[in-house]
1. So which trypsin sites (Lys or Arg not before Pro) in segment 125-169 end up in coil per DSSP with only 10 or fewer other C-beta atoms within 10 Å?
2. Between Asp374 and Asn433, with labels modelled 7 Å along Cα→Cβ, what's the label distance in nm to one decimal, could you check?
3. Can you tell me the alpha carbon radius of gyration of segment 50-189 divided by the globular rule-of-thumb value 2.2 N^0.38 Å?
4. Quick one: what does P(r) look like for segment 342-410 with 10 Å bins over all Cα pairs, in whole %?
5. For Cα pairs less than 8 Å apart in space and 6+ apart in sequence, what is the mean separation divided by the residue count of the chain, i.e. the relative contact order in percent?
6. Using only alpha carbon positions, build the gyration tensor of segment 179-294, then give the equivalent ellipsoid semi-axes as the square roots of 5 times its eigenvalues, largest first, whole angstrom.
7. Hey, what angle do you get for helix 352-364 against the long axis of the chain, alpha-carbon based, 0 to 90 degrees rounded to 10?
8. Under a point-charge model restricted to the Cβ atoms of Lys and Arg (+1) and Asp and Glu (-1), what is the dipole moment magnitude of the chain relative to its Cα centre, in debye to the nearest 20?
Amino acid sequence: MTSINRAHARELLNSNKISIVNYSNKLLSKFFKKQEKLITVITAAYNAEKSLEKTILSVVNQSLDSKHIEYIIVDDCSTDKTRNIALSYAEKHKNITVVTLSTNTGSPGTPRNIGLELSNSKYVTFLDSDDWFDTNGLENLLNILEETNDDYVVGKTIKVKDKSLSIIGEYASVMERRSISPFDIPHFFYHMGPTARMMKLSIINQNDIGFPDGKFGEDKQFFFDFLTECNNVSTTTKPIYYVNRMEENNQSLTKTTEILDKRKADLNVIEFLKQKKLPLEYEKIALNRIYEYDFMRIFESTEFLKAKDKTPFINILKEMYETTFNLEYNFIDNFENPLFKTAFKLYTDNRIGEFIQLFEWNKRDTNKKYLIKDGLPYYEVPFLEEPFNLIRIPMFSRALDSYIVNNKYHQTFEIYGDNLKNVQSILIRDRSNVENDLIVSIEWIDNNIGKFIVPLEDLKKMDNSLFTVFIRYNDYQIINIKRILHNQVTYQNKTIKFYSTIANNLGLSIKTK
């Protein structure tokens, strides 16, 4: 199917529906067999006049010498000044090629495929027209691929909002890895956008891999195709790519695509993956990314919880479920989230009301009862009967005593769950800036009781902010340390909350919703 995607790009390149600036020299280079560039950067742009200049400058100002970079900008028939901005930089930088389409394709897929067709380099990477690279981003990725000869490398993607910086897909960049199968990295397939990654162009061309048209899901198909064809990948903790999610960037496809439209696109991705006939264990990993991470998570979304009519959400779940009927295994067994497993069993039992109530309870009621049974943590769901009333919590921690001695903060905590042997450290994370973090070691008192100590001098050195304290395990996974200072429940039209006052006394608040 991917050859069809690339074929459409070739047709456009051979038609009169396209114009290209700064490409003829590349044709001559091929003819005279001059050395190819090391990296091609491809940007698909449409009505990006507000952000494109910053995007282009992040390529122009790379630490890597521009002689190693070719930059292809494909303007998808913009109606603003996008083309003029791109051309102004092409005039000053001969390694920038500008392609203009005479009609809009409505998707980044075809413009990216045109960029792939024109690429003349060893490696390729993608940059959206509202995002930007870290100054050292391309050089860092290039050095890893040149050192390892791996097929693919991914680094840190940082999401930029008006008042915060956070990491996207931290599991892909939490540690330095070299020459490892993508299927051996937990959750590696959960972050399938084009950000912060570089790959061998030869693998793309040999397998005729391309992006399908569509406003959503095209990235997943492309990278599923690529990663199932490559042997080894690398990851790095270095910052590579900044995703623009600021309020002024309100035309981002991620923001404008409705949540149900995204899931409808994912139905096509499911069929695409099933047709690939992957080895069974690989298929389970790939499909679970869609079933659990994409579909089940919509029921935790604000859109679902606030929707007066939840029927469209239930209907899209029904369509998803129908895609599982011809699988060789029970796909629910691969769910990692026990709440999702319970919810789906309620759905298959046609207990739709309780299915909806479970997600509402999980999101809105802070008065959850935690139960430790045989050394493992559970939620006790008050409105469900056995066997659904106890839902396993993979990892759970609760604060115990805290005090300050010799200008050091001491905190003990209890912890239960499946990954006690893989608990690594305490992460004190700035809620608005991931670069303002502190890692603290754990002192174990016994199997379920731990303690950490933070010198006040270390905290003094950190930037002023609000922080969350996590326990980190399995390299990248984190859990909060619960500190039960108030309990809240919604009863009929009242919100009832017992809480700790400023003077640490027990207080009660009752409010009408």
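The values are calculated or read from the model by the stated rules, or taken from the named source; none is laboratory data. What you see is a predicted model; the values in this text were computed from it and never measured. Note: ideal-geometry Cβ built from the backbone for every residue, glycine included; neighbour counts use all protein chains shown. The protein model used for the area step is the full one, side chains on, heavy atoms only, and it has no ligands, DNA or RNA in it. Shrake-Rupley method; radii C 1.70, N 1.55, O 1.52, S 1.80 Å.
1. Counting only loop positions with at most 10 other Cβ atoms within 10 Å, the trypsin sites (Lys or Arg not before Pro) in segment 125-169 are Lys163.
2. Rounded to a tenth, the inter-label distance reads 4.8 nm.
3. Cα-based Rg divided by the globular estimate yields 1.14.
4. Values per bin, smallest distances first: 17, 41, 22, 11, 7, 2.
5. Value for the chain: 11 percent.
6. Working: eigenvalues 107, 73, 41 Å².
In descending order, the three semi-axes are 23, 19, 14 Å.
7. That works out to roughly 90 degrees.
8. 840 debye
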